[in-house]
Amino acid sequence: MKVDLNSRYGLNPAHSEVVAASKLIAPCDVLDMGCSTGRNAVYLGQLGFNVTAIDNNPNAIDMLANIAQQEQMPNIKAQLYDINSAKLAKDYDFISCTVTLMFIEPTRLDAIIADMQNNTRSGGYNLIVCAMDTERHPCPVPFPLTLSAGQLSQAYQGWQLIKYNEDVGTMHNGAKLQFATMLAKKLS
Ligand SMILES: C[S@@+](CC[C@H](N)C(=O)[O-])C[C@H]1O[C@@H](n2cnc3c(N)ncnc32)[C@H](O)[C@@H]1O
């Protein structure tokens, strides 16, 4: 049985939506946007994905790069990158961006999503999980950016929405937090 590297390095388990997507998407070139210390990158790397993991936190990138080196996993590349620049350098089969967009500069959202879409190969996937702020469920956390109802599905018109919901979850302190969760497939 494979060692669980997330446990070995004190990383939380991979995001549940990344785990679900990895059951549908075969190992391929994946970009993990806002990877932090790599809970999703390490999980996908162990499954055989060719992972590029990007974050603007140099300490997080160093930690993930050390894990990849220590475990001799050349299929995980950790790189410093500012998502706000919206200048991805290559194309991917799968771009994953879980609980990260709410920390970006709000005026850059359209450019960032367009860049993700342009840098996804035909037949490839985008996974996004992002906090929302709606009349019914005002966001209880002062994130720089929150999505409105339908905003994410609107941005992915022309893509096949494999999964889409705007469900409300409960935080540990009892506060309600609404998330847009989307796995979309690029058709052409
Ligand atoms: C809540 S963590 C999410 C980590 C990971 N995606 C996950 O599912 O656990 C958000 C991450 O986004 C990164 N981040 C925030 N703004 C960023 C930016 N402008 N460019 C790159 N990374 C950014 C933070 O450094 C942090 O590691």
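The values are calculated or read from the model by the stated rules, or taken from the named source; none is laboratory data. Just so it is clear, the structure is predicted and the values come from calculations on it, not from any experiment. Note that we place each Cβ from the backbone using ideal geometry, even for glycine, and neighbour counts take in every protein chain shown. Quick note on the areas: whole protein, heavy atoms, side chains included, nothing else; ligands and nucleic acids left out. Shrake-Rupley method; radii C 1.70, N 1.55, O 1.52, S 1.80 Å.
Structure notes:
- In sequence order, calculated HN-Hα J values of the range 41-47 (Karplus, 6.51, -1.76, 1.60; Hz; x Gly/Pro): 5, 5, 4, 5, x, 5, 7
- Each listed q (0.16, 0.18 Å⁻¹) maps to a log10 I(q)/I(0) for the range 1-158 from the Debye sum over equal C-alpha point scatterers, namely -0.90, -1.12.
- Solvent-accessible surface of the range 4-98, averaged per residue with a 1.4 angstrom probe and all protein chains in place: 45 square angstrom.
- Applying the Karplus relation 6.51 cos²θ - 1.76 cosθ + 1.60 with θ = phi - 60° to the range 158-170 yields 3J(HN,Hα) values of x, 9, 8, 7, 6, 9, 8, 8, 10, 6, 9, x, 10 Hz, where x marks Gly and Pro.
- Residues of the range 30-44 falling in the label zone of Ser7, defined by backbone nitrogen less than 16 Å from a point 7 Å along Cα to beta-carbon, are 43.
- Cα-based reach from Lys77 at 17 Å (exclusive), listing aspartates and glutamates while leaving out same-chain residues under 8 positions away: Asp29, Asp32, Asp55, Asp62, Asp91, Asp93
- Charged neighbours of Arg108, selected by a Cβ distance under 10 Å, balance to -4 (K, R count +1; D, E count -1).
- Each Cα pair under 8 Å and six or more residues apart adds its separation to the average, and for the range 5-185 the resulting relative contact order is 17 percent.
- The H on the amide N of Gln178, modeled in the peptide plane, is under 5 Å from the matching H of Met132, Gly169, each at least 5 residues off or on a different chain.
- Efficiency of FRET from Cβ geometry, Lys90 and Gln151, R₀ 30 Å, rounded to 0.05: 0.65
- Carbon/sulfur fraction of accessible area - the chain, other protein chains in place, 1.4 Å, %: 50
- Taking each residue as 0.36 nm, the span from Lys163 to Leu187 lengthens on full extension beyond its C-alpha to C-alpha distance by 7.2 nm.
- Taking a ≥ b ≥ c as the square roots of the eigenvalues of the alpha-carbon gyration tensor, the range 1-91 is classed oblate because a/c is 1.5 or more while a/b is no larger than b/c.
- Net length available on complete extension from Asn57 to Ala111 is 17.3 nm, with 0.36 nm assigned per residue and the Cα-Cα distance removed.
- C-alpha long axis of helix 109-118 to longest principal axis of the chain, angle in °: 50
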